[in-house]
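Please treat every number below as a calculation from the coordinates, not as lab data. The structure displayed is predicted, hence computed values, not measured ones. A quick note on method: Cβ atoms are made from the backbone with ideal geometry, for glycine too, and the neighbour counts reach across all protein chains shown.
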Amino acid sequence: MQRVRVRVSTARQEAYEIIIGAGTLARLGDVARRSLSPHVRRLVIVSNQKVFSLYGERAAQSLREEGFSIAHWLMGDGERYKTAATLTRLLAFFSESGLERSDAVVALGGGVVGDLAGFAAAVYLRGIAFLQVPTTLLAQVDASVGGKVAVNTSAGKNLIGAFHHPRAVLIDTNTLQSLPPREMTAGWCESIKQGAAGDRHLFDGTCSFLRHHTLDTALARKQGLERLIAAQVAFKASIVAGDEREELTRNDHRSRRILNFGHTIAHALESITRYRRFRHGEAVGYGMLVAGEISKRLGLLATSELELLRDAVRLCGRLPRADDLREDEILSRIAHDKKMIDGQLNWVLLERIGRARIVEGREIERRLLRSSLRAGLKNISEKRKSEGEV
C-alpha cells in the first residue's frame, strides 16, 4: 500500500491523505471514520449505474460497518452529464436525504463523478465534506487530487467551479480491471501529460512502464502499478502544495498552470463534439501534440523532444480520429477557454520534456497556430492509415 500526503491551506484542513493499493475499497469505512468529523451520521454516495453495480454495495457495506447511514444517487455516464441541470438534481437529493452541514458525500467513480459530487459538496449548505474514491486511471492520477471541482456549460468545459479539497482519497487499483481499453488510454495520456509538463523522470518511468507491460501484465504486477500511480499523485501533490489556487501572476515552471498542458485544445475538441467522441484524456493526447507542434515552431522545443512526445502518446493507445474537425470551429471554442487573462489566452508549451513554459497567445501567430493544429491532429490518424486501418 502506498500513501501520499497533500498539503493544503484551507480553514477546515491542513492536509489530506491519498491511499493507494489493491483491495483498499474494503477499508473505505475506516478511512471515512478517521478522516471525517465524529459528528458525521449520513453519507450520500454519488456514482453512475455501471460503477455502482460493480462497487457500490461493497463501498456501502464498508461504510455501514462503521455506523454511517447511507443513501446513493446515480448520474448519467459521461462528460455530457456534468451540467448545472444535473447539479441541481443532486442538490435536491441532498436536501431530500436530510444531509446536514456535519454530514458528507462520497464520490465513487471517474473524473466526471468526482467533479460533480465535489462541486455539489462545495456549494451545498456553503460547503460540506467529501471523499474521493476514483475508479478510473485518469481520476486516480489526476482528477481526484488537488481540489478542483466543476461543471460544464454550453459555452465550455468547467466554467462553473470551485476549489474544494476532499478529506481523503482512496484508490483501489483493482477497479482498473473493469475498465475498457479506451479508459486506460485516457488515463495514460493524462499520466504522460504530467511528466511532460513537469518531471522528466516521471515521463521516462511512465513510458518505460507502457513499453514493457500490457494492461494484463501491469495489473498482475500490482505493486509496480501502485508505485507508478503513487509517483503520479506525488508529483501533482507537490505542484498543488506550491500553488494551491493556481495564481494568475505565476508564470514559472512550477506554477499549477503547467498542469493545463494539452488542455486548451482538448477542451475545444470535447466541446465541439458535444463530449461524445473523445474521452477527456484522449482529447488531452491530441492537445499535447498540438502544443508540442506550437513549441517546436516557436523555436522552444527541439524536434527530437517532439518525437519523444509523439512516441509517448502512441504508447498510450489508439485515439479517435480528429483530423476531420473544422479548424475554424476549434479556434472559435478556444476563444472561450477559461484560461483567458486580460483578453489573451495563455498557452502551456514545452521548452523540453519535463519543463513547461507559459506563453501569451499574442506571441503565437494565427498562421502558426493553424499549421500546428493541422499537424497535431493528423499525427495519430496518419499513423493509423499507414498501418492499413480505416
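Structural remarks
- Rg ratio (alpha-carbon, reference 2.2 N^0.38 Å) - the chain: 0.95
- Potential lengthening of the chain between Arg254 and Arg274 amounts to 4.0 nm, from the contour at 0.36 nm per residue minus the alpha-carbon distance.
- DSSP beta bridge pairing in segment 2-178, given as percent antiparallel to the nearest 5: 30
- Springs between Cα atoms under 10 Å define the GNM used for the chain, and in it the highest mean-square fluctuation of Glu305, Glu363, Glu190 occurs at Glu363.
- Going by neighbour counts of Cβ atoms within 10 Å, the residues Phe68, Phe130 line up, fewest first, as Phe68, Phe130.
- With a simple spin-label model that places each label point 7 Å from the Cα along the Cα-to-Cβ direction, the separation between His213 and Arg182 comes to 2.5 nm.
- Highest-MSF residue in the chain out of Glu183, Glu270, Glu307 [GNM, Cα springs under 10 Å]: Glu307
- In a fully extended conformation the segment linking Glu17 and Ser102 would gain 28.6 nm over its present Cα-Cα distance, using 0.36 nm per residue.
- Most fluctuating residue given options Leu137, Leu225, Leu298, as computed from a GNM of the chain linking Cα atoms under 10 Å: Leu298
- Solvent-free Debye scattering, log10 I(q)/I(0), computed from the Cα coordinates of segment 2-178 at q = 0.08, 0.14, 0.17, 0.19 Å⁻¹: -0.20, -0.65, -1.01, -1.31
- A simple charge model with +1 on the Cβ of Lys and Arg, -1 on the Cβ of Asp and Glu and nothing else charged puts the dipole of segment 24-82 at about 120 debye relative to its Cα centre.
- Average Cα contact separation per residue, segment 74-198, under 8 Å, 6 or more apart, as relative contact order %: 24
- Between Gln61 and Thr153, the simple spin-label model (points 7 angstrom out along Cα→Cβ) gives 4.4 nm.
- Sites matching GluC sites (Glu not before Pro) across segment 71-118 that sit in DSSP coil, with at most 16 neighbouring C-beta atoms within 10 Å: Glu100
- Distance between the pseudo-spin-label points of Arg41 and Leu54 (7 Å out from Cα toward the beta carbon): 3.5 nm.
- Summing Cβ point charges (Lys, Arg +1; Asp, Glu -1) relative to the Cα centre of the chain gives a dipole of roughly 100 debye.
- Between the residues Leu28, Gly147, Val112, the greatest Cα displacement towards the positive end of the dipole of segment 2-178, with unit charges on the Cβ of Lys, Arg, Asp and Glu, is found for Gly147.
- Distance between segment 18-38 and segment 294-319 - C-alpha centres, whole angstrom: 39
- Note: relative contact order over the chain, using C-alpha pairs below 8 Å and six or more positions apart, is 16 percent.
- Per-residue ellipticity at 222 nm, computed for the chain from helices alone with -39500 (n - 2.57) per DSSP H run of at least four residues, works out to -14000 deg cm²/dmol.
- Our note on the geometry: Cα centres of segment 267-281 and segment 81-120, 23 Å apart.
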